[in-house]
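Accompanying notes for the structure given below.
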Amino acid sequence: MSTATAAPAAKPAEGLFSKKNRKLITDPLNDNNPITVQVLGICSALAITVKVQNAVVMSLSVLAVVVVGNMVISALRNLIPGRIRIIAQLVIAAGLVTLVDIVLKAYVYDVSKQVGVYVGLIITNCILMGRYEAFAMGNKVWPSALDGLGNSLGYAWILVVVAFFRELFGSGSIMGLRVIPESVYATSGGAYFNNNMMILPPMALVIVGIIIWIQRSRNTKLIEQA
Amino acid sequence: MKPTFAKGGKLEKLHWVFDGLETFLFTPGHATEKGAHIRDGIDLKRTMSIVILAMVPCLLFGMWNVGHQHYLAIGELVGRGDGFLEKFIFGAIKVLPIVVVSYGVGLGIEFLFTTIKGHPIQEGYLVSGMLIPLVMPVDTPLWMVAVGSAFAVIIGKEVFGGTGMNVLNVALTARAFLFFAYPTMMSGDKVWVNTGLEEGQKLVDGFSGATSLGHAASGNIAGVVPMLDSFWGFEAGSIGETSAFACLIGAAILLLTGIGSWRIMLSVLLGGAAMSAIFNAVGPSIGNEYMQIPVLHQLMLGSFFFGLVFMATDPVTAAQTNTGKWIYGFLIGLMAILIRVVNPAYPEGMMLAILFMNVMAPTIDHFVVQSNVKRRMKRAALQTA
């Protein structure tokens, strides 16, 4: 989409993908990741990462809600009275979440049944309100959209990585496809067992912890000064 | 050989690995380089060696008992005096590989972190590496022991900063991880007795393989072994924990050398006794047979003594203040019996009780210290007034 949309809107002083705007997308992927650095949205990261498919669907839902919500709120930012801005943001978020829920039920009913309540709970996802309040309320539409995109991608890749390991070791499959062959399981004569701990939420926390560990050992500016 | 590992030497990176091995059983003649210059005959490594010594009775009895239970299951050499050597050797063949894997994996990871971080080897794993095999069922596959040890050392210890910094007891972390990850191999009634059959052998009729607590949890109180058997350890269970007697020998060694805390041991015992007594008192009116097992018998069962002697007294994860130790120990005993009797999902509560109190220990210490501070402030205020 870069070249096609970049051309017509290039009239302001700043290019659509100027360095500053690119940073809006790349920053949340690593240096300012919503999950591993800001530690937001942990609840859903624990709850729906048992299977990769659920994690992908959840990520896309959050992506839609955050990007569209950011744009809408950014467009309305001068009309929303300061004192009731949280309520206004919540109304917009609730509307979008309901829309996403309906779309999921219409097109991927099976997954919708599994992620079920968590889609509704996107509204309580701190990333969402954080972006609306901290960014969209004070920035123009286009940067807000990029910011939403960057943050939800940062959220998404952590979710998918966590889900990858949990599904691989917990169920022996990826996206529902069997990776660890049936024949090595103890039930069919082998010695392998699925790791039940991986299915339980605590293990998601441990995996997120390991990701944070690796991230900080590579990215030393994240280490807090004692 | 030493210069090879010194600074600038060829294998400088492995310096601390070499240092760890060199000081394993004797104290080399170099001076302390920094920090407090106290040189004492007893250091962490000596302490650890004594704890391991204290565990040897449990290990040896465990080996014999593994063999004994196996031969009972196939109906050969049924008498306790029969075939001592066969049973012991059979058990040793089953148990030693678990010990080797536990030490191999744990120390391997320990050496790796030592080399990366560049600090002296921390000896903490010497004890954990022995405790892990002792709390495993005999049929645990070796790769599970490896996975459990690796998880415990990395997630349970190294991420917190290594020996002395861990919040949870390392050996129990390994066991709890395996318990929740592979419940079929860590609980139930299939794993406690090795039933590997050779040609011409078969299991005796009515063999169940469940532990006493397994029987009790499923309502079969008649399946619980008599108290004396449980005291000596003639029952199915994890490798090293069946014999309260062997644990008591260990306890004696730890107490005589002043390494284990008598406060914790005594208070765990009191806590367990108190809870059992309460159950004894209310049991008849509820009609719950399990609750009516006499206090002493209740304490002899399962891993109560093993946990009391070797796990609860872990100086790193226990409470540090003396008052705190009493509270900490008492609640462990209380909860262990409570979980065991009331929650049918967990036939034995010792592991969970100790892990839970490990987490609570800093909080207990905090309040003990604060109340002490408050008392002394009051006294100081009185004096100045």
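FYI, it's all coordinate maths here, none of it is from the lab. Because the structure is a prediction, the values reported are computed rather than measured. In this analysis, Cβ positions are derived from the backbone assuming ideal geometry, glycine residues included, and neighbour counts consider all displayed protein chains.
Within chain A, the proportion of C-alpha pairs whose separation exceeds 22 Å stands at 57%. For the protein assembly as shown, the Cβ-based charge dipole about the Cα centre amounts to some 2720 debye (Lys, Arg positive; Asp, Glu negative; other atoms uncharged). Reported to the nearest whole Å, the Cα centre-to-centre distance from segment A:18-32 to segment A:172-222 is 29. Amide hydrogen proximity for A:TYR192: with H placed 1.01 Å from N in the peptide plane, the residues at 5 or more positions away or on another chain lying under 5 Å are A:TYR185, A:ALA186. Considering only GluC sites (Glu not before Pro) in DSSP loops that have at most 15 other Cβ atoms within 10 Å, the longest stretch of chain B without any of them is B:77-197. Residues B:LYS157, A:LYS51, A:LYS140, ranked from the fewest to the most other C-beta atoms within 10 Å, line up as A:LYS140, A:LYS51, B:LYS157. Derived scalar couplings between HN and Hα for segment B:173-178 equal 4, 4, 5, 5, 4, 5 Hz in order, rounded to whole Hz, by the Karplus curve 6.51 cos²θ - 1.76 cosθ + 1.60 (θ = phi - 60°), x for Gly and Pro. In this structure, A:THR187 and A:ILE210 have a Cβ-Cβ separation that, at R0 = 25 Å, corresponds to a calculated FRET efficiency of about 0.25. With helices as the sole contributors, chain A gives -20000 deg cm²/dmol at 222 nm; each DSSP H run of n ≥ 4 counts as -39500 (n - 2.57), and the sum is divided by every residue.
Each of B:MET227, B:LEU72, B:THR163 was scored by the projection of its Cα onto the charge dipole of chain B, and the greatest displacement toward the positive side belongs to B:THR163; charges sit on the C-beta of Lys, Arg, Asp and Glu. Which log10 I(q)/I(0) values, to two decimals, does segment B:83-133 give at q = 0.15, 0.17, 0.20, 0.25 Å⁻¹ under the Debye formula with one point per Cα? The Cα Debye sum returns log10 ratios of -0.50, -0.58, -0.69, -0.88.
Under the classification rounded if a/c is under 1.5, otherwise prolate if a/b is larger than b/c and oblate if not, where does segment B:40-86 fall, given a ≥ b ≥ c as square roots of the Cα gyration tensor eigenvalues? In terms of gyration-tensor shape, prolate.
Out of every Cα-Cα pair that segment B:233-385 contains, those further apart than 18 angstrom amount to 60 percent.
Maximal additional length on extending the B:THR323-B:GLU86 stretch stands at 80.5 nm, based on 0.36 nm per residue less the C-alpha distance. Along the axis of the charge dipole computed for the protein assembly as shown (Cβ charges of +1 for Lys and Arg, -1 for Asp and Glu, origin at the Cα centre), the listed residues B:MET186, B:VAL100, B:ASN372 are led at the positive end by B:ASN372.
The distance linking segment B:88-108 with segment A:107-121 is 48 Å (Cα centroid to Cα centroid, whole angstrom).
A Cβ-based charge dipole, computed about the Cα centre of segment B:233-385 with Lys and Arg at +1 and Asp and Glu at -1, lands at about 960 debye.
Here the Karplus relation 6.51 cos²θ - 1.76 cosθ + 1.60, evaluated at θ = phi - 60°, turns the backbone of segment A:201-211 into coupling constants of x, x, 5, 4, 5, 4, 5, 4, x, 5, 4 Hz, with x for every Gly and Pro.
Extending 7 Å from Cα along the Cβ direction at B:ALA150 and again at A:TYR107 yields two label points whose distance is 4.0 nm.
Between the residues B:ILE249, B:MET291, B:ILE278, the greatest Cα displacement towards the positive end of the dipole of the protein assembly as shown, with unit charges on the Cβ of Lys, Arg, Asp and Glu, is found for B:ILE278.
Near the amide H of A:ILE174, within less than 5 Å, lie the amide hydrogens of A:VAL179, all on another chain or at least 5 residues away, with H placed in the peptide plane. Between A:ALA47 and A:ALA134, the C-beta separation translates, for a Förster distance of 25 Å, into a calculated FRET efficiency of about 0.55.
The reciprocal of the average 1/r between distinct C-alpha atoms defines the Kirkwood hydrodynamic radius, which for the protein assembly as shown equals 28.2 Å.
Evaluating 6.51 cos²θ - 1.76 cosθ + 1.60 at θ = phi - 60° for every residue in segment B:54-68, the Karplus couplings come out as 5, 8, 4, x, 4, 5, 5, 4, x, 4, 4, 5, 4, x, 4 Hz, glycine and proline recorded as x.
Extension gain, A:THR220-A:LYS19: 0.36 nm per intervening residue step, less the Cα-Cα distance, totals 70.1 nm.
By other beta-carbon atoms within 10 Å, ranking B:ARG46, A:ARG131 with the fewest at the front produces B:ARG46, A:ARG131.
Here the spin labels are modelled as points 7 Å beyond Cα on the Cα-Cβ line, and at B:VAL78 and A:VAL161 they lie 6.1 nm apart. Taking 0.36 nm per residue of sequence separation and removing the Cα-Cα distance, the B:ASP229/B:ASN280 pair yields an extension gain of 16.2 nm. The simple spin-label model puts a point 7 Å past each Cα toward its Cβ; for B:ILE52 and B:PHE207 those points are separated by 3.5 nm.
Charges were assigned to the Cβ only: +1 to each Lys and Arg, -1 to each Asp and Glu. The resulting dipole of segment B:103-257 about its Cα centre is roughly 440 debye. Calculated mean residue ellipticity at 222 nm for chain B: -19000 deg cm²/dmol, from DSSP H runs with n ≥ 4 weighted as -39500 (n - 2.57), summed, divided by the residue count and rounded to 500.
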